[in-house]
Structure formats: structure tokens, C-alpha cells
1. Could you give every pair whose Cβ atoms fall below 8 Å, whose first residue belongs to the stretch 622-642 and is surrounded by fewer than 17 Cβ atoms within 10 Å (Cβ to Cβ), and whose second residue is of a type in the set (Asp, Glu), counting only separations of at least 6 or pairs across chains?
2. When the stretch 81-114 is examined, which residues are found to be touching a residue at least 12 places away in the same chain (Cβ under 8 Å), over 12 Å from Pro215 (Cβ atoms) and among the basic types (Lys, Arg)?
3. Go through the stretch 190-212 and give me each residue that's of a type in the set (D, E, K, R) and assigned to a loop (DSSP other than H, G, I, E, B).
4. Quick check on my filter: what residues within the stretch 483-535 are farther than 20 Å from Trp548 by Cβ and of a type in the set (Ser, Thr, Tyr)?
5. With the structure loaded, tell me whether Cys616 is modelled with pLDDT of 95 or more and either touching a Pro at 6+ places or on another chain (Cβ under 6 Å) or of a type outside the set (Gly, Ala, Ser) (or both) or whether it fails that test.
6. Is the stretch 295-306 home to any residue that is modelled with pLDDT of 70 or more, aromatic (Phe, Trp, Tyr) and farther than 25 Å from Leu123 by Cβ?
7. Collect the residues in the stretch 632-673 that are of a type in the set (Lys, Arg) and either farther than 19 Å from Ser539 by Cα or touching a Pro at 6+ places or on another chain (Cβ under 9 Å) (or both), keeping them in residue-number order.
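The values are calculated or read from the model by the stated rules, or taken from the named source; none is laboratory data. What you see is a predicted model; the values in this text were computed from it and never measured. So basically every Cβ, Gly included, is an ideal-geometry build from the backbone, and we count neighbours across all protein chains shown.
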Amino acid sequence: MSKATVKPSLFVCGLILAYEIGCSADSYVVATRSAANSGGVVVDSGSVVVDSGDGGQRSVLGRDGGITADAGKISKYFEDKTGKTNPAGLPDADVKKLIAGGPVGKLRWLYPYHETVFPGGTLAPSFMWDGDPATEAIYLRVKSNNFEYKTVTEPRFALASTITLGQVSDGVAKRQPQFKIPQDIWDIACQLTEGKADPFSIELSTLVNGTVAGPIRSQFYIAPGSVRGSVYYTRHGEVPGLTSGSVSSNGALMLIPPRESARPLLQDYKGVCTGCHAISANGSRLIAQNYGGVPTIPNEGYSFQLDPVKGPTEPISINGDNAELVALYPDGSKYLAQSQSPMGCWMFWNSAKLMGGVLYTNTEATLYNATTGKVVVNTNIPPGAIMPMFSPDGTRLVFNDYQNIVDMGFTLAVMAYDTATDKATDYKVLRREPDSGSTHPAWPNFLPDNKAVVFERTDSPDFCGTAAEQFSSMATATDEPVSVSGPLSDLYIIDVTDGSLTLLAKAMGFNTPDDYKSENTFFPFAANDLHHNYNVTVSPVASGGYFWVFFDSPRNYGNLGMTRAIWGAAIDIQPDGHYTSDPSHPPFYLPGQEYRSSNHRAVAVLNPCKNVGFPCATGIDCCRGYCSASSGGVCTPPYQGCSNRDERCTTAADCCEPGNICINGFCAYVPLL
């Protein structure tokens, strides 16, 4: 190992690359590298960047704006910004006072939640706490096994407000303090994480009118892998001047590419609201529905091919009712339109349409060719299938079997599916809710290993949670809690083999199922943020040792108030394939989404694959399934020997790393802890 110590003043220190020594400085970076090439640190003057514009408090090693160079991969990182040139400009006595701490008082963490697991390779999260708009400075320290960042700085202030139907209320908005680690430093933390064995501790003290509070402490984890591909969601009710897109209040389909902020993919398409959508697991096909706006106007539907450069290509037109929340086959070749009875999903809208004289073209679940729109016949799929979803590998089908008006959607069923014959077989009732009960199984999704199904249990036969946008009172996050009207909906996982039903307690704000029963939540705003979890979906591949689920929920986001937003949660992979205890972790706010709009139905899919010779991060990016790191990250043909993590496999024996298992065709890392 060798240490590169970069000091803040070029004029005093010169270009010093040393072991433990260097000229004295009050704020500095120490980056320890694994030996590479020459066996030591080899960095020329063009690779040392010192930003003297802020007092020499930032030093960055590397040509690409990150801590990288020809000398090999960084293995440890330490940055101290608490010295004389600290960003807050505090004198030494105040810095020492702030670091020493004081009574905690009412100071508490609001976000992230304790022990949240973040996917690696994302935009940096905002750290938020109950704070005072008069906060002068903070001391923040984030530390893991191989990473430490500490600073004395002024907080960043954001405007908190209450949201109703995506609009700002007339209530009083408050400035709320928060802090975000610089993106390049967060990237280093993601690079250096050791996953489950490596918690990141975080502590915070504040200085308000000369009085110190804190420190308050928490911890989180970063997975050693990102959510692969991109995330799509529907946005409604955008607030002019407060969000990043246009000022349209119509629905828009938004896209969040890796490490980027959301941008519109389809907005006001053909002049009306673009709402329900489905994207194939491989990212090649989009089915979207445009709402006519009133029950007497038929909806329109479109099937797009997604081009990685051009975006959606010119679509084919399909019946709008058949385009509502379809199940796309993973390769985008076909889609299953759900049963369109006047009952079931969107029952109130559907009934209104019937009363308005608009009849459905098919009231039975029907399979279609996605490129021609033609019906695929004799599939053996039950006619009452609603909210269907293919498994990520295309071999299974799960749905709510809305058999008849008496059944009322109480049955969750699975079938095997053969894409060569387009036949569904081996019908199995996975769960049937009691007829006398009030819960219905909704929005089922297979985990990538096909061993379990994540779904919602909701008290609404509408299934969709539309009314949850209606907030029955208005307040900011630091006032009395806002109450939310709308159907109750909780997240569960069911083991496909034995039917064991398990609450995803941590993903919903409870440390244990017993806490769920007693409403003892770790969410800061308690009951106000509970039991409204909608439109759950699952990313099609494992990454960083986890599966990743996404859902939308109206709840408080830190100290910024309530909004309906997209949340994600890590799910522990069970090597034995049995999911009989809660595998979830506390949720994270999806980075990059627009805030203060009403965001629905996140779908995480892979990006369209790249051919040989194109740049890649992992084999998942490549059509052939292999990415050569030695060539700087380039898609390659299959090669002899074992497969690296996230490269193509058929069985676990194909994987190089001991303990890796083959999940949905790729070698997946599964932590031992």
C-alpha cells in the first residue's frame, strides 16, 4: 500500500506525494491506494488538482474529477474540513466547541432512517434533521471501515411546504436545514463500501445562536453495487418553479437514468395525460396509455420501441383500455392486457366509463404481440387475470384472479409460462384472502430468483391508491402531522414453495412484525406516514447483494413536508430460496425524482443492451453478457473460463467468486452476513 497525501497549498507544499508525511495543513485529504503498475503512487502534476478558491479545503486526486489516477484503485479515503479554513468560517474556539457537542435537546435525525441500505452508484442523499432556520453551522462526520469525511460547514437550506394533489398549499413554508455530501465524495464512499459488514456511522452537531446541540448519531449502509438500468415513473401535478421540468399539470412518464435526475420521456403526448405505463425488463419496449380525461372519451394506447440514444421510436397504436398497466414480457415481444371488467382495478373509473357509454373491446385478459398489436390465442391464461406480471426470466406469471363478481379479487395465483408455445400451465392458488375480510392482494411481482412474490394487501377493491393523493389537512413537516385519506395498503412477501406470508415490516417503517401490530414505527412522524404503500415493483436483477423493490407513498420526506414520492428498499437474497422472515431494510427516497410533484408507479428495468465493443460497467449492460474490465469496460464476446460478478451464467458453477449464485442469468453476489 502507499498513501498519497495532498495538501491544500501548492505554493507552500509543492507537489508532495508521500507516505505519512507532508507539510502542515488544517484541512486535507489522504487517499491510500493499492499498488498498481510501478508498485507505487505514480501521479504527474496534471493529476493533482487543488481548489484554492475556497481556502484550499478541497483537494482532489485524479483527472476525471474523482479520486482516481494511474496508480491503482483507492483503498482508503480520509477528508478533514474542520481546520482554520473550514467552510463555515468559524474560529478555532467555535469549531472545538461544536465538535465537543452539548445537550441533544430536540435535535433528531429525520432522514436517512437508521440502518437504511442505499444502492451504490446513486446521486448523494440529503441528510435531514429537526432543525432551526437560524442554524449557523454544523459539524458532520461520516465514517466507515475505509472512509471518513468530516466537516464544519454551514447547512444548506430548503423550503418545506405541504403538498395537496401535487400543489403547494397556502400554509406557511419554513426553511429547513440539511446537508449533502459532495457527489464525488459520495462516489468514493460507494466505491469503498464493504456492504453488510461495513456500516457508515453518521453524527451531527449544530450551532444555533452560539449554543451547541448534539451530537445525534445514526448509521446506514451502502450496497457494493447499484440498481442496474434506469427507473421510470409517472408524475402528476408538477409545481411551476419548484421542479426541474416544464409547468404542465398533465401526467408525464419520467425517466431517471443512472446517476442522473429525472427528465420527461413522454409528456403531454398528443396533448393529453400520459399515465399508465409498462416497460419490459430488458428496457426495449414501452406500453403507455393516454387518458381521454373524461369517462365518455376513449383512452389511447401506444407500443413504443425504446432506443438507447433516440428514446421512444414512432409507436404503433393499440386500444387504450388494453394498454392499462399491462404485463410486458421481459424481452418486450408481447404483453398481457388485464381483464377490463367494470369492477376490479380502477373500478370507479371503469364503472363511470360504462355509464358514459364507452364499452371495452375486451373484458378478458388477453395476450398481444407487442410489435403488431395482434391477439395471441389459446394461451390458457384465466380470463379474469388482473394486475398480471411476468417473472424477470419469463417462465412464470403471477396475477390477481378476479374470477367473478362474487370473488371480488381475493385470489393471488401463479402459473408456469412457456414463451415458445405461448401457453400458461400449472395453475396454483398462492393465496386466497378470506371472503369475509377486507384485504385484496394487489400488484404482485416475482423476485428475480422466482422463489417469492412481493405484493400489496389493500382494503380497497380499487387496488390503485388513487385517493391517497387527497390529504385531509395541510401542515409542514414540523407542524402537527398531516392525516392522509385513501385506501390502506401494506407490503408483503410470500414464499412460492410453501406459501409463507411475511410482512415487509422494515420497508414500511417497523423494526419487527410486533412493532407493526402495535403501530410502533421508526418513522419520525409516526402514524401519519404509515399504511399507504402503492404500486410495488421489483428490479429484474440482483445487485450489490440485494434485490431492490420500489413503491410510491404519500409521506413526509425528512424535514421537507409531505409528498407522494417514490421510495425503494433493499431485500436480502436468501440463498436457500425461502422467504419466511422479513428480508427488507428501511426505505430510501429515490434520488433524482422531482420533489413536490405527485409521483407514481416506479418501474426499474435494465437499459437496452449494448453490442460488443461498446462501453459497459458490468456484463448486465451487454447483449452477450460479458464486460471486460481490463479493456477499460468494454462489452466482449463470451470468453473461456468462469464468469465474473454480473456476467452471464447458467448455474452457480459458472461463477468465479465463491458464494456467488446464478440469478436470472447473471452471477450474483450474496453476502455471508
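1. If the second residue must be of a type in the set (Asp, Glu), the pairs left are Cys642/Asp654.
2. Lys81, Lys84, Lys97, Lys106
3. Glu194, Asp198
4. Residues satisfying the conditions are Ser483, Ser485, Thr497, Ser500, Thr512, Tyr516, Ser518, Thr521.
5. No, not satisfied.
6. Looking through the stretch 295-306, at least one residue is modelled with pLDDT of 70 or more, aromatic (Phe, Trp, Tyr) and farther than 25 Å from Leu123 by Cβ.
7. Arg648, the sole residue that qualifies.
Yes or no, residue by residue, for (1) within 18 Å of Leu560 (Cβ to Cβ); (2) part of a loop (DSSP other than H, G, I, E, B); (3) more than 16 Å from the chain's Cα centre (by Cα):
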position: Lys96; (1), (2), (3): no, no, yes
position: Val104; (1), (2), (3): no, yes, yes
position: Leu107; (1), (2), (3): yes, yes, yes
position: Leu110; (1), (2), (3): yes, no, yes
position: Tyr113; (1), (2), (3): yes, yes, no
position: Ala124; (1), (2), (3): yes, yes, no
position: Met128; (1), (2), (3): yes, no, yes
position: Leu140; (1), (2), (3): no, no, yes
